[in-house]
Amino acid sequence: SDAICNFVICNDSSLRSQPIIFNPDFFVEKLRHEKPEVFTELVVSNITRLIDLPGAELAQLMGEEDPKLPGANSTASGFFRSLISLKRKEKGVVFGSPLTEEGIAQVSQLIEYLHKNLRAEGLFRVPGNSIRQQILKDALNSGTDIDLDSGEFHSNDVATLLKMFLGELPEPLLTHKHFHAHLKIADLTLFDEKGNKTSTPDKERQIEALQLLFLILPAPNRSLLKLLLDLLYQTAKKQDKNKMSAHNLALMFAPHILWPRNVTANDLQENITKLNNGVTFMIKHSQKLFKAPVYIRECARLHYLGSRAHTSKDDLDLLTSSGSKELQPLKSQKRSRLDSCHQEETQQRTEEALKELFHHVHNMPDSAKKKKLIRQFNKHPIALTPGSDVPTSPAPRRTRSRSFSGLIKRKVLGTPVILERKSRDTTPEPVRVSKENVQLLQKCGSPAHMSQAKLKSLEGQKEGSCRRMRASLLSKDSSSL
């Protein structure tokens, strides 16, 4: 599952000689480009499931409101922000400009060179030569070809220039909109048996939240972030040579990729530790953060393959038309299993939440509010009350009497009496009776509307007439009996 790509062999005879490289996130990227609103809603809904974002912070993440950042109300910071923005207008097409694919192509030359020189001690910490850095910076801004392997530049020159490029971006690489979300991710910790938060980070939920958050980054930011974190990950792996651990690298790059622009350490105060630890976590787990979660892949795949037939060329490459018909029942079964699993998971979470709430109410001090809450719990079904037994199945219905007298009543009165008990809306069928019983039926009334009391009184009427009636029924309907 950690592989970057999988190999799917196509059954098409024209393509059978070579394998098709299939990206597991193919449908995720397809949904992102073709239907960005649907994609953003899908990802953000899962982000809010993991971290608690109030209305204002959620609106900032969605881009509906301007981000409210630390130090934004300071007069001095506003002055310096406007001064720096004026200086950026005079800069070249790479340094100080908004991030573009062209700028990433230029900077990727620096990253590629540093991958070959990761053993330099103090890499990213020891500054380079300012004159050589300026020459290299001018060359990048002008778009000229640079031969970094010529030996004219040192690895410290290139590393310092890379940090300079990140620091002069108009906003941090992780954007201002995501700042509050990263603070909330740093607070994701495990719970103990009693449901209380511990100080141990919940790494699985943090990785999942970062995967989702990286999915809604702008495409240039996400591309450069992947290149940068991979470089820092490889640098930390050689810390025995360069003396730069993941934490040391985070201290160097957190102000450039995560801190809001034009703020000081005093503006961030206690959040500095969270931000630095967050970048350290990204460096250590960078190989997992740029893959979409499995459920996002499945939703994106079903969005295309689950609602229509395979008509595009990409779909035909994945599954041929002959094999797609055979897979349709499997898809419906898989969707039904996913729905049932989702329902079971939802029911399980609801029951766990009810149990936790039930124990919390019982641990409250005695008060009128506690009694009121307990009364509300008692109104719920027994199956939802914590600690209750599973409700037993209802007792089986008793079979209908097969006695001789019951048979006579059913024969004389007909089936409409039973049908009336089952449903009063249905119209009973007419009952056929013999000539000997016409007078008796007229006395008793309509068979369809006879009550239980009339049935009992009917049994006690005129034993002689009943005997004659039974004898006649036995002689005429012996075959039915």
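The values are calculated or read from the model by the stated rules, or taken from the named source; none is laboratory data. In this text the structure is predicted, and so the values were computed from the model without any measurement. Please note: Cβ atoms are built from the backbone with ideal geometry, for glycine as well, and neighbour counts cover all protein chains shown. Quick note on the areas: whole protein, heavy atoms, side chains included, nothing else; ligands and nucleic acids left out. Shrake-Rupley method; radii C 1.70, N 1.55, O 1.52, S 1.80 Å.
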Residues that are open to solvent by 30 Å² or more (accessible area, probe 1.4 Å), at pLDDT 90 or above and of a type in the set (A, V, I, L, M): find the helices (runs of 4 or more DSSP H) completely inside segment 25-105 holding 2 or more of those. 36-50
Can you say whether LYS194 is among the charged types (D, E, K, R) and touching a residue at least 40 places away in the same chain (Cβ under 8 Å), as far as the supplied structure shows? no
Of all residues in segment 189-218, how many are loosely packed, with under 13 Cβ neighbours inside 10 Å and hydrophobic (A, V, I, L, M, F, W, C)? 1
Checklist (1) touching a residue at least 12 places away in the same chain (Cβ under 8 Å); (2) in a helix (DSSP H, G or I) applied to ILE131, failing item: (1)
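Quick one: would you say ASN248 is touching a helix residue (DSSP H, G or I) at 6+ places or on another chain (Cβ under 6 Å), polar (S, T, N, Q) and open to solvent by 10 Å² or more (accessible area, probe 1.4 Å)? Lay out the reasoning, then the answer.
Details: touching a helix residue (DSSP H, G or I) at 6+ places or on another chain (Cβ under 6 Å): no; polar (S, T, N, Q): yes; open to solvent by 10 Å² or more (accessible area, probe 1.4 Å): yes.
Against the criterion (touching a helix residue (DSSP H, G or I) at 6+ places or on another chain (Cβ under 6 Å), polar (S, T, N, Q) and open to solvent by 10 Å² or more (accessible area, probe 1.4 Å)), ASN248 does not qualify.
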I'd like the full set of residues that are in a loop (DSSP other than H, G, I, E, B) and not charged (D, E, K, R), limited to segment 141-165. GLY143, THR144, ILE146, GLY151, PHE153, HIS154
Looking at segment 355-385, which of the residues that are of a type in the set (Val, Ile, Thr) and either in contact with a Ser or Thr (Cβ under 7 Å, 6 or more places away or on another chain) or modelled with pLDDT of 70 or more (or both) is least open to solvent (accessible area, probe 1.4 Å)? VAL361
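What helices (runs of 4 or more DSSP H) completely inside segment 166-250 contain at least 2 residues that are more than 30 Å from LYS137 (Cβ to Cβ) and within 27 Å of the chain's Cα centre (by Cα)? Outline the logic, then answer.
Details: elements: 179-186, 203-215, 219-237, 239-242.
The helices (runs of 4 or more DSSP H) meeting that bar are 179-186, 203-215.
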Taking segment 255-268 and keeping residues open to solvent by 10 Å² or more (accessible area, probe 1.4 Å) and closer than 17 Å to SER286 by Cβ leaves HIS256
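Which of the residues that make up segment 115-153 are in contact with a Lys or Arg (Cβ under 7 Å, 6 or more places away or on another chain), on the phi < 0 side of the Ramachandran plot and either modelled with pLDDT of 95 or more or not basic (Lys, Arg) (or both)? Reasoning before the result, please.
Here is the first cut: in segment 115-153, the ones in contact with a Lys or Arg (Cβ under 7 Å, 6 or more places away or on another chain) are 118-119, 121-122, 124, 153.
If we keep only those that are on the phi < 0 side of the Ramachandran plot as well, we get 118-119, 121, 153.
If the condition is that a residue be in contact with a Lys or Arg (Cβ under 7 Å, 6 or more places away or on another chain), on the phi < 0 side of the Ramachandran plot and either modelled with pLDDT of 95 or more or not basic (Lys, Arg) (or both), then LEU118, GLU121, PHE153 are the ones that fit.
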Any residue in segment 231-254 that's under 15 Å from SER286 (Cα atoms): show its pairings with residues that are of a type in the set (Gly, Ala, Ser) and surrounded by fewer than 19 Cβ atoms within 10 Å (Cβ to Cβ) at Cβ separation under 8 Å, as long as the two are six or more apart or on different chains. ALA236/SER245
With criteria (1) open to solvent by less than 60 Å² (accessible area, probe 1.4 Å); (2) under 43 Å from the mean Cα position of the chain (by Cα); (3) closer than 25 Å to LYS238 by Cα, GLU112 comes up short on (1)
Report, by residue number, each residue of segment 55-70 that is without any contact (Cβ under 8 Å) to a residue 24 or more places away in the chain and closer than 15 Å to ILE185 by Cβ. LEU58
